[in-house]
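Notes follow the structure.
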Amino acid sequence: MTHFSDLRLLRYFVAVASRGSIRRAAETLSVGSPVVSASIKALEQRLGVSLMTRNTRRIALTDAGRKVLAHAEAMLAAADAAFAIGQTDSARASGPLSLTLPSELAAYWLPPQLDRFLERYPNVRPFVSADDRIVDLNSSPFDLALRGVSNAGDEPIENLVNHVPLRLVAAPGSLAEKIAREWTQDGLVTALPFIASGPRHKPLTARTPDHDAPPITIPHDAPFQVDNQLVARALAVRGIGAALLLQPTVEEALSDGSLVQLLPHLDFGHVGLRAVARDPLPSVSTRMFINFLTQQT
C-alpha cells in the first residue's frame, strides 16, 4: 500500500532527477541537502533497488531509476490533481484546530504557514499555544502537537512533516564574525564563541557542498548555555557570540542587518518537525493541517 509519505519521497526523487543534483533539488524544494539525500536513500530502501549513481559532478539514473521516474511523474501528477479537487471544497475543513508547539516555532515559523493554510481553508479556527514543555496530549485540550527533532537524520523520514534549516549567525562586527572570517581550507584556527541552545559540549558540525565527504567539526567555546532559541537569538544580536538558529527566527534580523550569517558555504543541517495527533482518528481540520505541512517540504 502506498502511503502519503511515499509521495513525498517520490517528489524528492523527481526533483533530483530533473535538476541533476541533490544540491539543486534541495534549492528547488527549499530544504537542506541532507533531507533530500536521506529521502533518496529511504526511497531506495523502500523499493529495494538503486535508483541513481552519484559522482562529484552529476547524478545519473540507473535502469530501475528511469522506470521508477516515469511512474513517479505520473503518480505525482495524479496526486496533485486529486488534491486540487479536494482544495476546491474548502468547506470540508472547518471548526477548531488547537495545536501546541515550541515558542520559537510559534513566533517565527508558524505564522506564514497558518496564513497559507487559512487561505486554503478559511473556515478553520486555529488556537495556538506556545509551550516549550512536554505536553501529555491525552489529558490536554490540544488536537495536535508539533515538536522539533534535532537529530532528524536519525528519524525515519516518514515520521516528519516538515524540515526547518539551521543557520549559524552572529552580530556584525562581533568577535564571532571576525573569527569566522578567518576560515581557511583547514577550518578555523580560533575557537568560535558560541551560545549553546542545547548540551554545552555537543559538537558543532557542518557539511561541505560535497555531501559524500564526512562532516566538519567547528571548534567552539560555549560559555553561555540556554534552553530557548529566542534567548539565544537575543544574545547573538547583542554580540555575545554565534548561535545556531532556525532559519525563520533569523530571516528578519538578517534582512535588517542586526545579524549576519557565518560560514554560509557550509550546511549546518535542519530540525525535523514531528506532528503528533491526540486522537487516533483526528478531525478533518487536523488531518488537513498535517497534510498541508507535509506538502510544504
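The single residue among 221, 227, 212 that is in a loop (DSSP other than H, G, I, E, B) and modelled with pLDDT of 75 or more turns out to be 227.
When the range 256-290 is filtered for residues that are among the aliphatic types (A, V, I, L, M) and either in contact with a His (Cβ under 6 Å, 6 or more places away or on another chain) or over 30 Å from residue 218 (Cβ atoms) (or both), the ones remaining, listed by number, are 275, 276, 277, 281, 284, 288, 290.
Results for (1) closer than 30 Å to residue 94 by Cβ; (2) crowded, with 21+ Cβ neighbours inside 10 Å; (3) of a type outside the set (S, T, N, Q), shown as yes or no for each residue.
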site	(1), (2), (3)
222	no, no, yes
227	no, no, yes
234	no, no, yes
249	no, yes, no
255	no, no, no
264	no, no, yes
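The residues of the range 143-160 that are modelled with pLDDT under 80 and aliphatic (A, V, I, L, M), listed by number, are 149, 152, 157, 160. Step by step: first the residues of the range 182-209, then only those that are modelled with pLDDT under 80 and among the polar types (S, T, N, Q), then the one that is surrounded by the fewest Cβ atoms within 10 Å (Cβ to Cβ). Which residue is that? So the residue we want is 185. Which residue is surrounded by the fewest Cβ atoms within 10 Å (Cβ to Cβ), if the candidates are limited to the range 98-116 and must be more than 16 Å from the chain's Cα centre (by Cα) and outside any helix (DSSP H, G or I)? Top of the filtered list is 98.
Mind checking which residues of the range 16-43 are out of contact with any helix residue (DSSP H, G or I) (no Cβ under 9 Å at 6 or more places or on another chain) and farther than 26 Å from residue 205 by Cα? Scanning the range 16-43 gives a single hit, 20.
The values are calculated or read from the model by the stated rules, or taken from the named source; none is laboratory data. Since this is a predicted model, take the numbers as computed values, not measurements. Don't worry about glycine lacking a Cβ; one is built from the backbone with ideal geometry, like all the others, and counts go over all protein chains shown.
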